[in-house]
1. Of all residues being among the polar types (S, T, N, Q) and in contact with a helix residue (DSSP H, G or I) (Cβ under 8 Å, 6 or more places away or on another chain) in region 302-317, which is nearest to Leu291 (Cα to Cα)? Just the residue, please.
2. Give me the residue from region 352-402 that is closer than 20 Å to Leu279 by Cα and touching an Asp or Glu at 6+ places or on another chain (Cβ under 7 Å) and, out of that set, surrounded by the fewest Cβ atoms within 10 Å (Cβ to Cβ).
3. Just name the residue that is farthest from the chain's Cα centre (by Cα) out of those in region 181-195 that are surrounded by 15 or more Cβ atoms within 10 Å (Cβ to Cβ) and modelled with pLDDT of 90 or more.
4. What do you reckon, is Ala349 surrounded by 24 or more Cβ atoms within 10 Å (Cβ to Cβ) and not β-branched (Val, Ile, Thr)?
5. Quick check on my filter: what residues within region 312-346 are assigned to a helix (DSSP H, G or I), surrounded by 24 or more Cβ atoms within 10 Å (Cβ to Cβ), out of contact with any Phe, Trp or Tyr (no Cβ under 6 Å at 6 or more places or on another chain) and among the small types (Gly, Ala, Ser)?
6. Every residue in region 256-275 that is closer than 16 Å to Val322 by Cβ and hydrophobic (A, V, I, L, M, F, W, C), please.
7. Give all pairs with beta carbons closer than 8 Å in which a residue from region 154-180 that is farther than 27 Å from Leu13 by Cα meets a residue that is at pLDDT 80 or above; count only pairs at least 6 apart in sequence or on separate chains.
8. So, in region 127-153, of the ones that are among the acidic types (Asp, Glu) and touching a residue at least 40 places away in the same chain (Cβ under 8 Å), which residue ends up nearest to Lys75 (Cα to Cα)?
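The values are calculated or read from the model by the stated rules, or taken from the named source; none is laboratory data. Computed from a prediction, not measured in an experiment: that's the story for all the values here. Reconstructed Cβ throughout: ideal geometry from the backbone, glycine too, with neighbour counts over all protein chains shown.
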Amino acid sequence: MLEVLRNTSYAKLFSAQVVALLGTGLLTIALGLLAFDIAGGDAGIVLGTALTIKMLAYVGVAPVVAALTGHLPRKLVLISADVLRAAVAVSLPFVTEAWQIYVLIFVLQSASATFTPAFQAVIPEILPDEAQYTRALLLSRLAYDLEALLSPMLAAALLTVISYNNLFVGTFLGFLGSALLVVATRFPLLPPLEPARFVDRLTRGARVFWRTPELRSLLAMNLVVATATAMVIVNTVVLVQAELGRPQVDVALLFAAYGTGSMLVALALPRLLDRVRDLRVMLTGAIALPLGLLASALVIALPTTGATWVMLAVVWFYLGAVTSLILTPSARLLRRASEPRNRTAVFAAQFSLSHACFILTYPAAGILGAMLGLPAVAIILALVGVGAAIAALLAARARTTVSLEPSEGREVRG
C-alpha cells in the first residue's frame, strides 16, 4: 500500500491532505467552543446553522467554481484555496457575533468546495496506473478515518495547556502547510481546455453524470450512504447519553467502532477490486447498508444492558465497513467516466450532488429522531436507503445513453 508514496508528487499531495485534515479537525472542536462562548445555551443553534451553511456552500459553490476556474492551472487553484482557508482560520479567534461565524464559515467552506474536487481530479493524472490509484484512494480513506479518531484526542491534549482560541492557530498552520506542500509539488502538464460558454462549463459534470449509467447509479448510492451517515453523525450522542445513559467517553468509542470498520474494509479493498468489478462491490454495499440501519433499530429498541451496548458497537462497526465499500471505489468510477478536460467538473459534480443528500438526511435524522424516537427514524432512513439502492441497481443495468458530445463521457467498465 505504501509503495504509492514513492511517487514524490503524490507523497507531497497526500501530506498536504493529511495536514489540512488535522487543521480541519481542530477547527471543528474550536468552533464548537467558540459557539458556546458566544451563544451559551444557544450554541447548538449556532452550530446547526453553521453546518447548514457548510452544506449549502458545498452544494452550490463547487460546480460554479469548477466552471470559473477550469481554465486556470490546478496548482494555482489549490494554493489559492488553501491560502483563503488559512486567512479565515486566523480570523476566527476575533469573532464576537454569531453572524460573523456564519460569514467566515461560508467563505471557508466555499474554499474547501474549491480545493477538494480540484485535488481529487489531479490525483489520476499523477497516478495514471489504476493499481496505484486504488492504493491512493485507500490512503485517502484511511486519512479521513484516522483524522476523525486523532483530531479530538489531539485537541483534548492541547486544551490542557492552551485556550481553545489557540486551536485556530493549529488550523491556520494546517492550511498553510498544505499550501506550501502544493507549491513544492510538480504537477503534470495538461493541454489547455477548449473555449466554452459558462453554462456549458457549469453543467459539464452533471451532463456526464446523466449520460453515464454507472454514475447515475453512484448518485443513488450517495443517498444510501447519506442515510447511514446521518444516523451515525446526528444521533450517536443522543443514543449513547440520552437513550443508554452512558458516559461521554462512550460517544467517542462508538464513533471509533464506526471508523475502525471503515478502515479495515478500506485495507482489504485493493485485493478485492483486483478480482471483482467496482460497481458490483459498491452495489453490494448499497444493498447491505439499509440492513445495518434496520439492525440498529432493533438493538436500540431492546432493554438497556451491557449486551445492548456491545451489539450497538458491532452495528456501528458494520455501518462503517459497508459505507467504505461504497465510498472507497467511487473515485475509480469517476476517473474512468471522465477525461482530463472534464475531470474537475465531474469530481465537482460528485462533491456537490453527494453533499446535497446530506441536506436531506441530516435534518431528517435529527427532527424525526426527536419526534418519533430513534428506532423509528432508523427504520425510516433504512426505507429511504432501500429505495435508493433499488434505483442504483436499475441505473447500473441501463444502457449507456447516446451522447451529443461523446468526448465528455465514457462508458465505465469497472
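1. So in region 302-317, the residues among the polar types (S, T, N, Q) come out as 304-305, 308.
If we keep only those that are in contact with a helix residue (DSSP H, G or I) (Cβ under 8 Å, 6 or more places away or on another chain) as well, we get 304, 308.
Details: Thr304: 21, Thr308: 18 Å.
Once the filter is applied, the top-ranked residue is Thr308.
2. Thr400
3. Once the filter is applied, the top-ranked residue is Thr185.
4. Numbers: surrounded by 24 or more Cβ atoms within 10 Å (Cβ to Cβ): yes; not β-branched (Val, Ile, Thr): yes.
Spelling it out, Ala349 is indeed surrounded by 24 or more Cβ atoms within 10 Å (Cβ to Cβ) and not β-branched (Val, Ile, Thr).
5. Result: Ser324, Ala337, Ala345.
6. From region 256-275, those closer than 16 Å to Val322 by Cβ are 257-269, 272-273; that's our starting set.
Within region 256-275, Ala257, Met263, Leu264, Val265, Ala266, Leu267, Ala268, Leu269, Leu272, Leu273 qualify.
7. Leu159/Leu167; Tyr164/Ala30; Tyr164/Leu34; Tyr164/Asp37; Asn165/Ala30; Asn165/Leu34; Asn165/Pro93
8. Step one: of region 127-153, the residues among the acidic types (Asp, Glu) are 129-130, 145, 147.
Subset that is touching a residue at least 40 places away in the same chain (Cβ under 8 Å): 130, 145, 147.
Numbers: Glu130: 23, Asp145: 26, Glu147: 24 Å.
Looking at the filtered set, the residue picked out is Glu130.
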